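The values are calculated or read from the model by the stated rules, or taken from the named source; none is laboratory data. Just so we're clear, the structure is a prediction, and the values are computed from it rather than from any experiment. A quick note on method: Cβ atoms are made from the backbone with ideal geometry, for glycine too, and the neighbour counts reach across all protein chains shown.
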Amino acid sequence: MARAPEHIVKSFDEALNDMRALVTRMGGLAEAQIAAGVKALAQRDEDLARKVIAGDAAIDTLEDEIDDAAVRLIALRQPMAIDLREVIAALKISSDIERIADYAANVAKRSIALNQTPPVPSASAIPRLARLVQNILKDTLDAYAERDAERAIDVWHRDEEVDEMYTGLFRELLTYMMEDVRNITPCTHLLFIAKNIERMGDHATNIAENIHFLVTGKRLEGGRPKGDTTSFQVVAPPEDDGTQS
């Protein structure tokens, strides 16, 4: 675990710490947005969904504050080496957190539409996928707070698990759609929701890569582990047994 360096000018350390605190706070709000968005979906709670949608503005505001703090640090302190990596990492990480929060708001928006349709069995699998991504994001943010490159690498590898779960859910939803045309509308919304959550995992992985570079000054080598095969998925329609007219 790496420690942030201390500087002769105390105000420089304070400015860096304030910026780190903003990133951490932003990440915590994004975690809460994911949890609330999925809860709104599972419980068909429109009021909660609308709170999630409205809550996205607070995260956007924090991203703007981080951008301003980073610009001030670069302009006034001209940071070098790990200090410069700190500033650049904060900018990149806050951008990824903002996108995660956007996807959480999208989940909430589609949950409102789903409330107008009968429940679909596959909807129960969405919270499992979301909990996995929540745990990954939490570990990522912990790695950032602790400057733990090894933990960041562990998160980087776990994205494959998210992809595999998403691929299974993708196939299941397509099957429901082919079995009954009445499932097409709700399953289409669920497909978008599942993809939103899978993309949250991708952004958490981006954050992990930036943490590793922040701590070590080196980029992770090799291709990112991927388990999403939905681009190649073909689900055959059920055979006509002669009972359909």
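Can you name the residue in the stretch 170-190 that is in contact with a Lys or Arg (Cβ under 9 Å, 6 or more places away or on another chain) and hydrophobic (A, V, I, L, M, F, W, C) and, of all such residues, is nearest to Ile126 (Cα to Cα)? Full working, then the answer.
Taking the stretch 170-190 first, the residues in contact with a Lys or Arg (Cβ under 9 Å, 6 or more places away or on another chain) are 170, 189-190.
Checking the rest, the ones that are also hydrophobic (A, V, I, L, M, F, W, C) come to 170, 190.
Numbers: Phe170: 11, Leu190: 8 Å.
In this case the residue turns out to be Leu190.
Just need a number here: residues in the stretch 72-98 that are assigned to a helix (DSSP H, G or I) and out of contact with any helix residue (DSSP H, G or I) (no Cβ under 9 Å at 6 or more places or on another chain).
Restricting attention to the stretch 72-98, the residues satisfying the condition of being assigned to a helix (DSSP H, G or I) are 72-77, 81-98.
Right, trim to out of contact with any helix residue (DSSP H, G or I) (no Cβ under 9 Å at 6 or more places or on another chain) and you get 75, 81.
Final tally of qualifying residues: 2.
Based on what the data block shows, is Thr188 within 21 Å of the chain's Cα centre (by Cα), farther than 19 Å from Ile53 by Cα and either among the β-branched types (Val, Ile, Thr) or not in a helix (DSSP H, G or I) (or both)?
Against the criterion (within 21 Å of the chain's Cα centre (by Cα), farther than 19 Å from Ile53 by Cα and either among the β-branched types (Val, Ile, Thr) or not in a helix (DSSP H, G or I) (or both)), Thr188 qualifies.
Just for the stretch 113-140: of the residues that are β-branched (Val, Ile, Thr) and buried (at least 19 other Cβ atoms within 10 Å of the Cβ), which one is nearest to Gly27 (Cα to Cα)? So that I can check it myself, show each step before the final result.
Taking the stretch 113-140 and keeping what is β-branched (Val, Ile, Thr), we get 117, 120, 126, 133, 136, 140.
Adding the requirement that they be buried (at least 19 other Cβ atoms within 10 Å of the Cβ) leaves 120, 126, 133, 136, 140.
Values: Val120: 31, Ile126: 21, Val133: 13, Ile136: 12, Thr140: 9 Å.
Per the stated criteria, the residue is Thr140.
What number of residues within the stretch 164-183 satisfy the criterion of being outside any loop (DSSP other than H, G, I, E, B) and over 22 Å from Ala108 (Cβ atoms)?
So the count comes out to 13.
Is there a residue in the stretch 2-9 that is buried (at least 16 other Cβ atoms within 10 Å of the Cβ) and more than 18 Å from Leu141 (Cβ to Cβ)? Let's see the steps before the verdict.
If we filter the stretch 2-9 for residues that are buried (at least 16 other Cβ atoms within 10 Å of the Cβ), which is where we start, we get none.
Within the stretch 2-9 (the criterion being buried (at least 16 other Cβ atoms within 10 Å of the Cβ) and more than 18 Å from Leu141 (Cβ to Cβ)), the answer is no, since none of the residues qualifies.
Just checking, which of Ala89, Ala75, Ala145 is within 14 Å of Asn210 (Cα to Cα) and surrounded by fewer than 16 Cβ atoms within 10 Å (Cβ to Cβ)? Step through it out loud before you land on a result.
Values: Ala89 fails: surrounded by fewer than 16 Cβ atoms within 10 Å (Cβ to Cβ); Ala75 fails: within 14 Å of Asn210 (Cα to Cα).
Just one listed residue meets the conditions, Ala145.
If we keep just the residues of the stretch 150-164 that are among the aliphatic types (A, V, I, L, M) and surrounded by 20 or more Cβ atoms within 10 Å (Cβ to Cβ), which is nearest to Thr216 (Cα to Cα)?
Filtering the stretch 150-164 for residues that are among the aliphatic types (A, V, I, L, M) and surrounded by 20 or more Cβ atoms within 10 Å (Cβ to Cβ), the one nearest to Thr216 (Cα to Cα) comes out as Ala152.
Please specify each residue of the stretch 112-144 satisfying the condition of being hydroxyl-bearing (Ser, Thr, Tyr) and at pLDDT 95 or above.
Across the stretch 112-144, the qualifying residues are Thr140, Tyr144.
Could you check how many residues of the stretch 129-168 are within 20 Å of Thr188 (Cβ to Cβ) and either touching a Cys at 6+ places or on another chain (Cβ under 9 Å) or of a type outside the set (Ser, Thr, Tyr) (or both)?
Summing the residues that are within 20 Å of Thr188 (Cβ to Cβ) and either touching a Cys at 6+ places or on another chain (Cβ under 9 Å) or of a type outside the set (Ser, Thr, Tyr) (or both) in the stretch 129-168 gives 4.
Is it the case that the stretch 180-192 has a residue that's in contact with a Ser or Thr (Cβ under 8 Å, 6 or more places away or on another chain), without any contact (Cβ under 8 Å) to a residue 60 or more places away in the chain and not polar (S, T, N, Q)?
No, every residue in the stretch 180-192 fails to be in contact with a Ser or Thr (Cβ under 8 Å, 6 or more places away or on another chain), without any contact (Cβ under 8 Å) to a residue 60 or more places away in the chain and not polar (S, T, N, Q).
Conditions (1) of a type in the set (Gly, Ala, Ser); (2) at pLDDT 95 or above; (3) not in a helix (DSSP H, G or I), marked per residue:
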site	(1), (2), (3)
Ala15	yes, no, no
Asp18	no, yes, no
Leu22	no, yes, no
Gly28	yes, yes, no
Ala35	yes, yes, no
Arg50	no, yes, no
Gly55	yes, yes, no
Glu63	no, yes, no
Asp68	no, yes, no
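Conditions: (1) closer than 27 Å to Ala145 by Cβ; (2) modelled with pLDDT of 95 or more; (3) surrounded by fewer than 21 Cβ atoms within 10 Å (Cβ to Cβ). Asp45 meets all but one. Number of the miss?
Exception for Asp45: condition (1).
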